[in-house]
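Right, one structure below, let's go through it.
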Amino acid sequence: MINEYKFEDGPELRDLFITVDDPESHITAIETFITYRVVTKTSRGEFDSSEYEVRRRYQDFLWLKSKLEEAHPTLIIPPLPEKFIMKGMVERFSDEFIETRRKALHKFLNRIADHPTLTFNEDFKIFLTAQAWELSSHKKQGPGLLSRMGQTVRAVASSVRGAVKNRPEMFTEMNNYMETFSQKINLLDKIAHRIYKEERDYFNEMKEYGPIHTLWSASEEDIADSLKGIASCIDRCCKATEKRMAGLSENLLPILHEYVLYSEILMGVLKRRDQIQGELDSKVDALANKKTEKDLFSEEIGKLEDKVERANNALKADWDRWKQNMQWDMRSTFTNVAENNLRYYEECLATWESFLASQTVDLHVDEDSEDRP
Amino acid sequence: MEDCLAKKMEITVSEAEKRTGRNAMNIQETYTAYLIETRAVESQSEGQCAPVDSLWRRYSEFELLRNYLSVTYPHIVVPPLPEKRADFVWHKLSADNMDPDFVERRRIGLENFLLRVASHPVLCQDKIFYAFLTQEGGWKEMVNETGFQLKADSRLKALNATFRVKNPDKRFTELKHYSDELQSVISHLLRVRARVADRLYGVYKVHGNYGRVFSEWSAIEKEMGDGLQSAGHHMDVYAASIDDILEEEEHYADQLKEYLFYAEALRAVCRKHELMQYDLEMAAQDLTSKKQQCEELATGTVRTFSLKGMTSKLFGQETPEQREAKIKVLEEQIQEGEEQLKSKNLEGRDFVKSAWADIERFKEQKNHDLKEALISYAVMQISMCKKGIQVWTNAKECFSKM
């Protein structure tokens, strides 16, 4: 169930409860957009009130994510549902699309709330509590667009320079792991979609299959009941197939998709760590070439060394946490898939067994009537 | 039923073999030959098994046999042959006549055909049929010598030609409608079943992809590795299980197909009745008109328009001698006609009686066989569900250990 959320620290320790619901569409002269209601209940002292209700649109979530990435470059920020992609299956602003997005946004905020560091982020607090105009004015503060662009340019440049020189073994292992994981999770995502498609095609054919038997029964006398029985069994199995498909689309597909996004996020986090290390390495190299101004440099280097150590520790801790959650998510999702399939087969089995029982009863009745004179 | 051949003789079509040979036009061709084995059923007290006789026949010979039976026993619903070409195939099945699976299913179908004929109270006594089973050489000549092709009414082949029959037996008319409906509904069912089979195949096979990816993923995981690996194995088992399931279902489809073709045989009997009734009505009409002509000539009144009448009016009457001669000819024809009509009537009534008896027999057989087939379909579904439950129970256990 997508709204179920496990509590890492146990429900008794949780002091921040967030829900995302009630999508509403807004039409202005320029655009149409959806806002979602975000309700927060908390017992934390830092919050002025114990309950908040605000409206947020997708843009606001994007802003929050980028602020978190900025403040914690080597922490694993949870994935956001993507902007609308023309997949041809779902229309923008269709009920299905909005509901899928709502669930993902709900998960996003709760994952942040559960994160030992991110939960105390100031921008997060403002996101949850500020009224619309307050949020707008807060968004306008902070480093401007140009400086952010500058950071990006530097980041790209340093990554090109091969920041992997002094990378600790542990992070190389993480990189290798993530490359394979990313590949596999993408494959699984495709496989799961393929299964969904095949099941849907099967369902569509089955819908036509049952009624033919009913049609046939209209021309028959002796076997009419058997034919009608088969028709009803097929129809019930058809409905069971529909349920199985729903299970896939509500559980497995969203989770696999999240982890596809996660694998991109993690590759990004590893790169940013490399960049931070790269800054240190390049300063150290520069020092090696200069004989004078050693003192100035060594203070700078000291600061960078601290920065690298903090980044590495943060990432290591978050990585362990992420792996544990991933294991839990995968275990629970695939177990759920197996349960779904079990329910499907058990329901079909019961249907056919009861049909068979009804037929063999008839046979016994026929045999008895033959014995009578 | 005590007398039927099936009780006295074990009949099997045990093998199929590819052959090459020259056909009637001296062209090299490849065909499949089927081995028919027969053995007299001895009482068990003898303790020894009777020897097995065997001979090879090809499909075209079976066709010849069936044509002969259809023409010779038009009042019987003659069992149908398995299909000549693979029809209602879904993607995995081959439409190729030489495909071993098709040949195997045809072998079973041919055996079934022989058993049906051998257990029919009338057909099993036919000498040509017995020779088909026991006499390898000269059988074709024997069949042709019966001259059955001459008896064949080509009008029966024109399936869609309608005959304006004034008084058909209503039961046959209803039966013809039933056979049309049966043909139509079974065709439809088989078509959709093939599509359903195709889709089901797709669902199962795609799960096989899990196996490979889980296995590769498990290589980078420490704790999750074992669970993933073993779950992947179960997914492979699941994907492979569909092959046997669908092969079994193919036999169910063949059972339905037999009755699809039986519907045609049923229709043929109805058509025969229609034709006989038509010929009867035509003969009666002809007789009536001849009687009328005779009367007119005798009394000199012309009630019916005839060219002769007109010309005689224009060019003079006939002489009394000419008239007498004509009347005599007509009286002979009328007598012949009355005898023919009597025998046609008798024929017609006999046909209706014996055909209806066989139709009742057929109806019982059909109801029994189809009910059994439907039950076997349910049994197959149950088995498929149980296999599914087993695999997913195992998979669930592996997943929960991840």
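What follows draws every value from the coordinates through simple rules; no lab data is involved. These numbers come from a predicted model, not from an experiment. Glycine also receives a Cβ, built like all others from the backbone with ideal geometry; neighbour counts cover every protein chain displayed.
Summary table
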item: Computed [θ] at 222 nm, helices only, for the protein assembly as shown once each DSSP H run of length n ≥ 4 contributes -39500 (n - 2.57); result: -24500 deg cm²/dmol
item: Sequence of A:Arg102, A:Arg321 once ranked by neighbouring C-beta atoms within 10 Å, starting from the fewest; result: A:Arg321, A:Arg102
item: C-alpha long axis of helix B:170-218 to longest principal axis of chain B, angle in °; result: 20 degrees
item: Dipole moment magnitude, nearest 20 debye, the protein assembly as shown about Cα centre, only Lys, Arg, Asp, Glu C-beta charged; result: 2640 debye
item: Mean Cα-pair separation over length for the range A:211-336, i.e. relative contact order, pairs under 8 Å, 6 or more apart, %; result: 22 percent
item: GluC sites (Glu not before Pro) lying in DSSP loop within the range A:205-238, provided at most 12 other Cβ fall within 10 Å; result: A:Glu221
item: Fewest-first ranking of B:Lys222, A:Lys228, using other Cβ atoms within 10 Å as the exposure measure; result: B:Lys222, A:Lys228
item: Acute angle (nearest 10 degrees) that the helix B:225-299 long axis makes with the longest principal axis of chain B, alpha-carbon atoms; result: 0 degrees
item: Whichever lysines have a C-alpha closer than 22 Å to that of B:Lys18, once near sequence neighbours (fewer than 8 apart) are set aside; result: B:Lys84, B:Lys140
item: Restraint check, A:Lys125/A:Lys271; A:Lys207/B:Lys396; A:Lys165/A:Lys271, Cα-Cα greater than 20 Å; result: A:Lys125/A:Lys271; A:Lys207/B:Lys396
item: Cβ-based exposure ranking for B:Met9, B:Met98, A:Met174, in which fewest neighbours within 10 Å come first; result: B:Met98, B:Met9, A:Met174
item: Choice from B:Arg155, B:Arg105, B:Arg267 showing the highest fluctuation, given a GNM over chain B with Cα pairs closer than 10 Å; result: B:Arg155
item: Angle in degrees between helix B:320-400 and the longest Cα principal axis of chain B, rounded to the nearest 10; result: 10 degrees
item: Pairwise Cα inverse-distance average, inverted: Kirkwood Rh of chain B (Å); result: 26.7 Å
item: Stretch gain in nm, segment A:Glu309-A:Lys207, where the contour uses 0.36 nm per residue and the Cα spacing is subtracted; result: 30.6 nm
item: Nearest-20 debye value, chain B charge dipole, Cβ charges on Lys, Arg, Asp, Glu; result: 1260 debye
item: Value of Rg to Rh for the protein assembly as shown (Rh from inverse mean 1/r over Cα pairs, i.e. Kirkwood); result: 1.21
item: Highest-fluctuation residue, B:Glu145, B:Glu321, B:Glu83 considered, GNM on chain B with Cα pairs under 10 Å; result: B:Glu321
item: Spatially proximal lysines relative to B:Lys290 (Cα-Cα < 21 Å; intrachain offsets below 8 disregarded); result: B:Lys166, B:Lys308, B:Lys313, B:Lys326, B:Lys328, B:Lys342, B:Lys344
item: Dipole moment magnitude, nearest 20 debye, the range B:1-152 about Cα centre, only Lys, Arg, Asp, Glu C-beta charged; result: 420 debye
